[in-house]
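Just so it is clear, none of the values below were taken in a lab; they were calculated from the coordinates. Here the structure is a predicted model, which is why all the values come from computation and not from measurement. With ideal geometry, Cβ positions are generated from the backbone for all residues, glycine too; neighbour counts draw on all protein chains shown.
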């Protein structure tokens, strides 16, 4: 498998009648080849915000290799579209939220380890936390161009909603990483 073949398969999936399911099907087929996939994507650092994680972007689909450092927790945020993740290494906990009457309500959680897949519907808000002693790395596939979609984030202390703003997001992530739990948890 080569990067251009991987990109072409996701590009076709993004143009299909049901792109989220088509992407999930591709990721399911890659579950047994996580080590090879990890090696293939080794040239991408996976850090430094979305721009440092990107390896393909189109109006239909965006591909990122995302690496969460040890102890990192994001603020609650959405993607403005669906997302599907194949965990390549480490352990990533996702705390999932639904919006109810303008507020966030905890809806569940999913912890991913190597080879596990999580599909996140477009209306879902989540918090990601690296729970392993090594960075948590995953192949993240989004429906659409994640750089142009309207996205939202929430202050992890007050749950006040904001438009996505990367400098403020980083400040919120630092606050979230110091907290004992994700918002509305425990």
Report summary line: Longest principal axis of the chain (C-alpha) makes with the long axis of helix 166-178 (C-alpha) an angle, in degrees to the nearest 10, of 70 degrees
Report summary line: Here the range 22-99 gives, from Cα atoms, an Rg and Dmax in Å of 13.2, 38
Query raised in the report: Mean separation of Cα pairs under 8 Å and 6+ residues apart, divided by the residue count of the range 60-161: what relative contact order is that in percent?
Result: 46 percent
Requested in this report: Please work out, to two decimal places, the log10 of the ratio I(q)/I(0) at q = 0.10, 0.11, 0.13 Å⁻¹ from a Debye calculation in which every Cα of the range 3-178 carries one identical scatterer.
Outcome: -0.35, -0.43, -0.60
Query raised in the report: According to a simple spin-label model (label point 7 Å from Cα along Cα-to-Cβ), what is the distance in nm between residue 159 and residue 18?
Result: 3.3 nm
Report summary line: Put in order of increasing Cβ neighbours within 10 Å, starting from the fewest, 147, 10 give 147, 10
Query raised in the report: When each pair of different Cα atoms in the range 117-186 is counted once in the 1/r mean, what is the Kirkwood radius in angstroms, to one decimal?
Result: 13.9 Å
Query raised in the report: Tell me, what is the percent relative contact order of the chain, built from C-alpha pairs under 8 Å that lie six or more residues apart?
Result: 25 percent
Query raised in the report: Going by average Cβ neighbours within 10 Å, how do the peptides 130-142, 12-24, 169-181 rank, with the highest at the top?
Result: 130-142, 12-24, 169-181
Report summary line: Proxy exposure order for 64, 159 (fewest C-beta within 10 Å first) is 159, 64
Report task. Take 1, 153 and order them by how many other Cβ atoms sit within 10 Å, fewest up front. Result -> 1, 153
